[in-house]
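Just below is one structure, and these are the notes that go with it.
Taken together, the values in this text are just the output of simple stated rules run on the coordinates, not laboratory data. Note that the structure is a prediction, hence the values are computed from the model and not measured. All Cβ positions, glycine included, derive from the backbone under ideal geometry; neighbour counts span all protein chains shown.
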Amino acid sequence: MDAKDQPVAGWRLKAGVLLFALSIILPIVGVPLVASLGLSGTMTTSVSGAILIGAEVLGVAAIAVMGKPGYAYIKNRFLSFLKKHGPPKEVSRTRYNIGLVLFCVPILFGWLSPYLTALIPGLGQNPPSSLVWGRTHSRMPSGVTSFFS
């Protein structure tokens, strides 16, 4: 896109960016706010669903208001930002090895953890998740499970 092809920052582009920002902020702020109001489960679900659908409609409306040139301009700016601040094309061997270890160790830990309880005494009663939660396995919050149980 050349400088002559870039849209002038008129009211359509500004309104489209505002609608697009609102479509992103609305679910992030609205859904937790509705959940904290103490409404019934059905009402909370309905209002949260309406907020999410409304956010999607706002996103589509933002693109319609900006028009094709405005949308292409915003998309081009965003992608150029990602290219500038994104991952490098080449990394050093040390950085590659560190990343490989950071990727593989959690997978290996999750795969081996059911077998480690038989080899390490007391691991089943005090799983490593108790270090994170600060509690023993018997008092963990509801919905939180451990591989060691």
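Looking at GLY67, is it at positive phi and in a helix (DSSP H, G or I)? Full working, then the answer.
Details: at positive phi: yes; in a helix (DSSP H, G or I): yes.
Yes: the conditions hold for GLY67.
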Original post:
Residues in region 31-51: is at least one in contact with a Lys or Arg (Cβ under 8 Å, 6 or more places away or on another chain), touching a residue at least 24 places away in the same chain (Cβ under 8 Å) and among the β-branched types (Val, Ile, Thr)?
Top reply: no
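If I filter region 47-99 down to residues being among the charged types (D, E, K, R) and surrounded by 11 or more Cβ atoms within 10 Å (Cβ to Cβ), which single residue comes out as farthest from ALA9 (Cα to Cα)? Break it down stepwise before answering.
Of region 47-99, the ones among the charged types (D, E, K, R) are 56, 68, 75, 77, 83-84, 89-90, 93, 95.
This time we only want the ones that are surrounded by 11 or more Cβ atoms within 10 Å (Cβ to Cβ), so: 56, 75, 77, 95.
Numbers: GLU56: 24, LYS75: 15, ARG77: 13, ARG95: 42 Å.
Applying the filter and picking the extreme gives ARG95.
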